[in-house]
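Only one structure is covered here, and it is reproduced in the block below.
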Amino acid sequence: MGLALAAARPDAAPRAGGLQDREVQAHRVQEAIRVDGRLDETVWQVAGAGDFIQRNPLDGKPASELTEVWVAYDDKALYVAARLRDAEPAKIVGLLGRRDDALDSDWFTFAVDPYFDRRSGYAFSVSPAGSVIDKTLYNDEWSDTTWDGVWESAAQVDASGWTVEMRIPYDQLRFPARDEYLWGVNFTRTIQRKNEQDYFAWVPKEESGYVSRFARLTGIRGIRPGRHFEAMPYTAGKLAFSPEEEGNPFRNGSELLAAAGIDLKYGLKSNLTLDLTLNPDFGQVEVDPAEVNLSVFETYYSEKRPFFIEGSNTFAFGYGGANNNMGFNWSSPEFFYSRRVGRPPQGRVAGDGYARYPEMTTILGAAKLSGRVAGDWNIGFINALTAREYADVDNAGGRSASEVEPFSDYGVLRVQKDFSQGRQGLGFIATGVFRDLDDAGLRKILGRRALALGADGWLQLGRKQEWALTGWLGASRVSGSREYLLDLQRSPRHYFQRPDADHLSLDPGSTSMSGWSGRLALNRQKGNFVFNAALGAISPGFEVNDLGYQWRGDYINSHLVAGYNWLHPGKVFRSAQLLGALARGWDFGGNAVMKNYFLFANGEFLNYWGGEIDLGYMDASYDKEATRGGPLLRQPPGYFIELSAYSDSRNPLVFSVNGEIANRRDGSGLDLSFGPELRWKPRSNVSLSLHPEIETVHTLRQWVANIDDPRLTPTFGRRHVFASLDEKVLSAEVRLNWIFSPRISLQVFLQPLIAVGAYSGFKELAQPATSLFNLYGQDGSTIAKNGDEYAVDPDGSGPAPEFRFADPDFNFKSLRGTVVFRWEYRPGSTLYFVWTQNRQDYANPGDFDFGRDLGDLISAQGDNIFMLKATYRFNL
């Protein structure tokens, strides 16, 4: 293939007894340690541990610079120190960033496994400038930066290199009480200018694992794990300015809001924590990105609220045991999607008049229990109560209130246990939503009860655990009124009304619906050869969207992937990968809805530039969602090509680019996109990124409307109206990070978006399971535009009635942005000042003119929201 890579690992530095036999001795301190990075205490004057091994760029070779580490302890905390020698200290890269920002900087990381379960732990990282990252470790190789511990660190750069000190209180770690402790430990160092990563407990690139490879930390005795009680009250004020709307009493130009609440954290045991929140502030600081979604699938937004993101990996389901989880046109249902809790009210006020809806559903209180219980079972439990919400209604001066969200109870329980040091695992998850539906209107759109249950597990196979077999199985049941269940059966995830699907049946009298889903996957865990295979299914009646996120139902999916990794530098490439894959998808009636073939190739050159090329062929298949509940639509064969490239991240100016082209054989689905990105680091504490993107879409088969016509027997009594769509989308994301210190930062985010779609060539599906259409305006049919709607006579003088549909053209322009000033004025206590702006414009639908549209966006009136929030942490 001409990749010019070395496939074999270079000889590792010799190690007596093997790398996994390494041990670090912790020493009890006899004096107070001042965490200042100077290493002048007595405990740091003895010989430390060293002999780090490279993982990059020369896997298995001794580190190019010497590193020496120490661990000490007292009755309250663990102390870590490191002397990181450098022959050229002037070239040490120390960047300032917000907490948990993975900067292109030098780093020192201390990782610890206090349970010594070889699967989980914590990692604490410090840069020469004092930036910090802390995260939890799980599934052996995975990490989660959403956890923010309260610990101290300091770094100093001197003539010999740089030094680090850390103090980590025991109450920030979870571990059972012992007379003497045996923990897992690792230390890593990044030398950014050399792109070098050095490990104390080294893992060869051909091998898998991280926590399972840790060295042993010994010598800690006579301590007790912390059981702390923490209280964090908050107060927040928000001032919102919005354009006035004539006649609308609720849009008078401004609104002032204030709130207060408290978060409590209590250590029930050393390894079990209870979090409580009363009247929580569940607003988010950064806005969600704007987009135009013309599909039937719900947009997925990431969680940004601290109560839910901290420790969210506890509720991860279906992925444990394997270090690679692949999917091709597959997304496993999420049993717990926390953004369902406190979502905007789902009810709407009927009739004329003006209404003011609550921005979000009020969360009265929430509790979270996490940790380990008897038998080392990991447990996570969340229960949240949300308030009954009302919209204020003004009808000709008369005021009333209309219920738009019922009182609701949300609960999720997750338990999981590893066996044989992670070689096997078993877990369960259960979720429930219970709504008090007093309002007759809400009973028609919401379910009264939604339950889900799942089990997952894994097996490590082979003498050296080269393979991982993972799987999960779930079931769901929802219940409610006949009107609600009828709408649910007709929703895009189910489409029970499909007239050509013998395996589906719409039941207007049903008051409940049940279903199942599951997946089985096999993954090769280590070595140069890559193999991954999976088979998954989601039954037509499976439904978890009340508290989860489900992409689709009535779906069977499988894939097979094979390839090769070149992990060590050769004459041209530093590393590379070549993968081939085939994927298939069916509905439960056996109709092929996906038949795809893929080829992926990526590599990084010796100069640390790199790129990827992805090729795909889409064989002819059926689309079961295109007609929005109607018969199948035939999709002709097609292809896609995606290219990406990036430059050396060590440079002050970093460039990357991504481009994609996709098309169907008949030209019916041409999609072109191009998006460069620039990251500029003019100073050690300032970074600016610019990511513009342009996309053009031309499709001959964009759904417009479904019209009932009992006379139209070929398509089961409905007309499925489609059109050609020419869409242009221009967007950009601009981010500025200005870090004054590790605890004081200013962040700016800006996202302009212009999306224009012009519809033409309106037509209707002629025959099920084909791509044949009858074009309006031909063969006796007529179509005429009247204002903002179209009138169609499908057969001229024939008996079919005329029908109308709205003009679907659009010109959506949006500008969203936030400015966030953050000051952690004491450990765990933070002051925020936030300015958010959101403006939109819809003028000139279907007509794209960049200069005019940009001017309309700039001149559009928008919402301006100013928020001040302060928290204070009491450690009791």
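The values are calculated or read from the model by the stated rules, or taken from the named source; none is laboratory data. In this text, all values refer to a predicted model and were calculated from it rather than measured experimentally. Cβ sites come from the backbone with ideal geometry, for glycine too, and all protein chains shown count toward neighbours. Ligands, DNA and RNA are excluded from the accessible area calculation, which covers all protein heavy atoms including side chains. Shrake-Rupley method; radii C 1.70, N 1.55, O 1.52, S 1.80 Å.
Mind checking which lysines have their Cα closer than 20 Å to the Cα of Lys763? Skip sequence neighbours fewer than 8 apart in that chain.
Within reach: Lys624, Lys785.
Determine the alpha carbon to alpha carbon distance for each of Lys61/Lys269; Lys304/Lys813; Lys304/Lys464; Lys526/Lys571; Lys681/Lys813; Lys526/Lys681 and list only those over 32 Å.
Long pairs (Cα-Cα over 32 Å): Lys61/Lys269; Lys304/Lys464; Lys526/Lys681.
Taking the alpha-carbon centroid of each part, what is the distance from segment 505-537 to segment 382-403 in angstrom?
That distance is 40 Å.
Could you go through segment 404-413 in sequence order and give the Karplus-derived ³J(HN,Hα) for each residue, using 6.51 cos²θ - 1.76 cosθ + 1.60 with θ = phi - 60°, rounded to whole Hz, and x for Gly and Pro?
Along segment 404-413, the couplings run 10, 7, x, 4, 9, 10, 10, x, 9, 10 Hz.
Calculate how steeply helix 850-859 sits against the longest principal axis of the alpha-carbon atoms of the chain, using the helix alpha-carbon long axis, and give the answer as 0 to 90 degrees to the nearest 10.
80
Sum -39500 (n - 2.57) across every DSSP H segment of at least 4 residues in the chain, then divide by the residue count to get the 222 nm mean residue ellipticity, nearest 500.
-1000 deg cm²/dmol
Measuring from a point 7 Å past the Cα of Asn844 along Cα-to-C-beta, which residues in segment 804-838 have an amide N at less than 14 Å?
Hits in segment 804-838 for Asn844 at 14 Å: 810-814.
Given a cut-off of under 8 Å on Cα pairs at least six residues apart, what relative contact order in percent is computed for the chain?
About 9 percent, as a whole number.
Non-local amide H neighbours of Val150 (under 5 Å, H modeled in plane, Pro and chain starts lacking H): which ones?
Result for Val150 returns nothing.
Could you estimate the translational diffusion coefficient of the chain from the Stokes-Einstein equation, with Rh from the Kirkwood formula over C-alpha pairs, at 25 °C and 0.890 mPa s, in whole µm²/s?
81
Lys and Arg at +1, Asp and Glu at -1: add these up for the other residues within a Cβ distance under 12 Å of Gly422 and post the number.
Computed value for this residue: -1.
For segment 691-850, treating each Cα as an identical point scatterer without solvent, what Debye log10 I(q)/I(0) comes out at q = 0.08, 0.10, 0.14, 0.15 1/Å?
For segment 691-850 at q = 0.08, 0.10, 0.14, 0.15 Å⁻¹, log10 I(q)/I(0) is -0.43, -0.57, -0.80, -0.86.
Report, ordered by chain and residue number, the lysines lying within cross-link reach of Lys265, taken as a straight Cα distance under 16 Å and ignoring same-chain residues fewer than 8 apart.
Lys368
Would you mind getting me the FRET efficiency between Phe605 and Ser312? Use the beta-carbon distance for r and R0 = 60 Å, nearest 0.05.
It comes out at approximately 0.95.
Using a 7 Å offset from the Cα along the Cα-to-Cβ direction at both Asn395 and Ser160, what is the distance between the two label points in nm, to one decimal?
8.1
What accessible area per residue, rounded to a whole number of Å², is obtained for segment 742-820 using a probe radius of 1.4 Å?
Value returned for segment 742-820: 42 Å² of accessible area per residue.
If amide H atoms are built 1.01 Å from N in the plane of the peptide, which residues on other chains or at least 5 residues away come under 5 Å of the amide H of Ser575?
Glu604
Shape call for segment 473-546 from the C-alpha gyration tensor, a ≥ b ≥ c root eigenvalues: rounded (a/c under 1.5), prolate (a/b greater than b/c) or oblate?
Because a/c hits 1.5 or more and a/b exceeds b/c, segment 473-546 counts as prolate.
Whenever you get a sec, compute what percent of the accessible area on the chain sits on carbon and sulfur atoms (1.4 Å probe).
The value for the chain is 54 percent carbon and sulfur by accessible area.
Apply the Karplus parameterisation 6.51 cos²θ - 1.76 cosθ + 1.60, with θ equal to phi minus 60°, to every residue of segment 701-709 and state each ³J(HN,Hα) to the nearest whole Hz, in sequence, with x for glycine and proline.
After applying 6.51 cos²θ - 1.76 cosθ + 1.60, I find 9, 9, 4, 10, 6, 10, 10, 6, 7 Hz.
With θ taken as phi - 60° and the coefficients 6.51, -1.76 and 1.60, list the Karplus ³J(HN,Hα) couplings across segment 174-187 in order, rounded to whole Hz; mark glycine and proline as x.
Per residue, the Karplus-derived 3J(HN,Hα) values read 10, 6, x, 6, 9, 6, 9, 10, 10, 10, x, 8, 8, 10 Hz.
Please compute the net charge surrounding Pro249, taking Lys and Arg as +1 and Asp and Glu as -1 over other residues with Cβ under 15 Å from its Cβ.
Result for the local shell: -4.
With a sphere of radius 12 Å drawn around the Cβ of Trp330, what net charge do the other residues whose Cβ falls strictly inside it have (Lys, Arg +1; Asp, Glu -1)?
+3
Compare Leu485, Leu678 by solvent-accessible area with a 1.4 Å probe and give them largest first, with all protein chains kept in place.
My answer, sorted largest first, is Leu678, Leu485.
DSSP loop (so not H, G, I, E, B), at most 14 other Cβ within 10 Å: list which trypsin sites (Lys or Arg not before Pro) in segment 100-209 pass both filters.
Arg178
Non-local amide H neighbours of Asp709 (under 5 Å, H modeled in plane, Pro and chain starts lacking H): which ones?
Amide H neighbours of Asp709: Arg718, Arg719.
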